[in-house]
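The values are calculated or read from the model by the stated rules, or taken from the named source; none is laboratory data. All values derive from a computational prediction rather than experimental measurement. All Cβ positions, even for glycine, are placed from backbone atoms using ideal geometry, and neighbour counts span all protein chains on display. Just so you know, the surface numbers come from the protein's heavy atoms only, side chains and all, with ligands and any DNA or RNA stripped out. Shrake-Rupley method; radii C 1.70, N 1.55, O 1.52, S 1.80 Å.
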Amino acid sequence: MTDPSSAQPAPPGCPAHHPDAVRLGGLEYQQTPSQLYRALRREHGAVAPVLLDGDIPAWLVLGYSEVTYVTSHDELFARDSRRWNQWENIPADWPLMPYVGYQPSVLFTEGDEHRRRAGVITEALEGVDQFELARNCQLIADRLIADFAGSGQAELMTGYAHALPMRAVVQMCGMPTSGEDTRQLVEDLRISLDAAEGDDPVAAYGRVGERLRQLVKDKRVSPGPDVTSRMLLHPAGLSDEEIVQDLISVIAAAQQPTANWICNTLRLLLTDERFAVNVSGGRLSVGEALNEALWLDTPTQNFIGRWAVRDTQLGGRQIRAGDCLVLGLAAANTDPQIWPDSRVGAENAAHLSFSNGEHRCPYPAPLLADVMARTAVETLLERLPDLVLSVEPEKLTWRPSIWMRGLTALPVQFTPVVQ
């Protein structure tokens, strides 16, 4: 395994030396990434050379079969980022450091150690009663809707889609659902995952760790019926720091992606005539829209990543030991090889939105995310059945991120409801 402090320059043939490497970023990418994926496929095939922040080279895996292969072969493409052959070129304040800087987290473990750590998370999440979670989410939704129902208008991204899973997730983990500490924690998680101009993702990630260290310390003294306490009491005997790092992974994976899933689904329901949102409830349409949003606007567009254990081939490319591979989940979900007629089947659940293989989102996390997203969307449509966009659909804009797919805002209007 390569230590970052002793990493050697990238060998010839790696993406650093590819003359056609494409920078991941820019306004066109942010608003219409599907067009870039199509262009990359035409020019490079299923695996494209790309440049990350600071022109750091990597491979973007675009093909459905290729992403499935990479995530199914940990012996070739592993998660421990210390293998990277680019560490000598990475500054300490690199914006993507929260993604790739090695931490004693389940995200970077491998083999038996990964199975041990993932097993603790799985059992802690299995302790969440899905019916109780749905009831809690409905109560949270009702309170949030009550705050704006009388005005006849709302901005749903901030006031609803982000707030609901935030409150639900922190409650699951044993934190108060409101208060400055909780609000700051969620804001710092957003900055870590999806930094805007002027944000400091490295500093934000540090603050997240400090807040969760205090939570773990408190739960050691006074455990409760929550995910954090179940992780602490698990017979695997994880250390406090291991639990802190794994809680960061759990909360980050549950909050922002679920929020974007909710909002992306609402956008689909409000802009696509196939979905009759003016029919109160519309449960079948909601289920189809939730699944279609995962195919077409998956909340996590790209995930960094995997690191090649040895020289190998992928998609006709020569991958060198230590090369970084970015998993193009959104590109894979829209791969024309699996949708040759360009029509995504909303009833098909074989998407890669929760990744694949041993490092996919641990069961039952996708089920819990579905409970939160489905309850949020259904409750909103039941309470405000004549909900419509207050701007033209083409006026909606996406956040400037290559990693997350989420709107900057979702303004709506409806008949005011007197409480």
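Quick check on the range 182-199. Is at least one of its residues open to solvent by 50 Å² or more (accessible area, probe 1.4 Å) and on the phi > 0 side of the Ramachandran plot? Looking for residues that are open to solvent by 50 Å² or more (accessible area, probe 1.4 Å) and on the phi > 0 side of the Ramachandran plot, one finds at least one in the range 182-199, hence yes.
Each row is one residue, and each column tells you yes or no for (1) in contact (Cβ under 8 Å) with a residue 40 or more places away in the chain; (2) over 19 Å from Thr68 (Cβ atoms); (3) in contact with a strand residue (DSSP E or B) (Cβ under 8 Å, 6 or more places away or on another chain).
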residue	(1), (2), (3)
Val326	yes, no, yes
Asp335	yes, no, no
Phe354	no, no, no
Cys361	yes, no, no
Lys395	no, yes, no
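Pairing residues of the range 201-215 that are under 20 Å from Trp94 (Cα atoms) and aromatic (Phe, Trp, Tyr) with residues that are crowded, with 21+ Cβ neighbours inside 10 Å and at pLDDT below 90, at Cβ distances under 6 Å and at least 6 apart in sequence or on separate chains, gives Tyr205/Pro98; Tyr205/Ser192. Scanning the range 57-75 for residues that are open to solvent by 10 Å² or more (accessible area, probe 1.4 Å) and assigned to a loop (DSSP other than H, G, I, E, B) returns His73, Asp74, Glu75.
Would you confirm, using the coordinates I've provided, whether Val128 is over 30 Å from Thr397 (Cα atoms), touching a Lys or Arg at 6+ places or on another chain (Cβ under 6 Å) and of a type in the set (A, V, I, L, M, F, W, C)?
Here the answer is no, as Val128 does not meet what is asked.
Out of Asp218, Asp181, Asp129, one residue alone is modelled with pLDDT under 90 and of a type outside the set (Val, Ile, Thr). It is Asp181.
Of all the residues in the range 216-247, those that are part of a helix (DSSP H, G or I), among the hydrophobic types (A, V, I, L, M, F, W, C) and open to solvent by 10 Å² or more (accessible area, probe 1.4 Å) number 3.
Counting only residues that are open to solvent by 40 Å² or more (accessible area, probe 1.4 Å), polar (S, T, N, Q) and over 19 Å from the mean Cα position of the chain (by Cα), which one in the range 344-403 is nearest to Ser105 (Cα to Cα)? That would be Asn348. Could you list, in sequence order, all residues of the range 94-126 that are hydroxyl-bearing (Ser, Thr, Tyr) and either outside any helix (DSSP H, G or I) or closer than 22 Å to Leu314 by Cβ (or both)? If the condition is that a residue be hydroxyl-bearing (Ser, Thr, Tyr) and either outside any helix (DSSP H, G or I) or closer than 22 Å to Leu314 by Cβ (or both), then Tyr99, Tyr102, Ser105, Thr109 are the ones that fit.
Here Pro91 meets the list (1) in contact (Cβ under 8 Å) with a residue 40 or more places away in the chain; (2) in a loop (DSSP other than H, G, I, E, B); (3) not small (Gly, Ala, Ser) almost entirely, failing just condition (1). Here is a check on your reading of the model: is Ile319 β-branched (Val, Ile, Thr), modelled with pLDDT under 95 and within 26 Å of Glu43 (Cα to Cα)? So Ile319 does not fit the description; no. Could you check, for the range 153-166, whether at least one of its residues is surrounded by fewer than 21 Cβ atoms within 10 Å (Cβ to Cβ) and modelled with pLDDT of 95 or more? So far as the range 153-166 goes, yes, one or more of its residues are surrounded by fewer than 21 Cβ atoms within 10 Å (Cβ to Cβ) and modelled with pLDDT of 95 or more. Being under 23 Å from Leu352 (Cα atoms), modelled with pLDDT under 95 and assigned to a strand (DSSP E or B) is the requirement here; does Gly305 meet it? Yes; evaluated as a whole, the condition is true for this residue. Checking the structure you have, find out if any residue of the range 201-215 is modelled with pLDDT under 95, assigned to a helix (DSSP H, G or I), of a type in the set (S, T, N, Q) and in contact with a Ser or Thr (Cβ under 7 Å, 6 or more places away or on another chain). Scanning the range 201-215 turns up no residue that is modelled with pLDDT under 95, assigned to a helix (DSSP H, G or I), of a type in the set (S, T, N, Q) and in contact with a Ser or Thr (Cβ under 7 Å, 6 or more places away or on another chain). Can you report the number of residues in the range 94-143 which are of a type in the set (Lys, Arg) and without any contact (Cβ under 8 Å) to a residue 12 or more places away in the chain? Residues that pass the stated criteria total 2. Determine whether the range 253-273 contains at least one residue that is in contact with an Asp or Glu (Cβ under 9 Å, 6 or more places away or on another chain), open to solvent by 40 Å² or more (accessible area, probe 1.4 Å) and at pLDDT 90 or above. Within the range 253-273, one or more residues are in contact with an Asp or Glu (Cβ under 9 Å, 6 or more places away or on another chain), open to solvent by 40 Å² or more (accessible area, probe 1.4 Å) and at pLDDT 90 or above.
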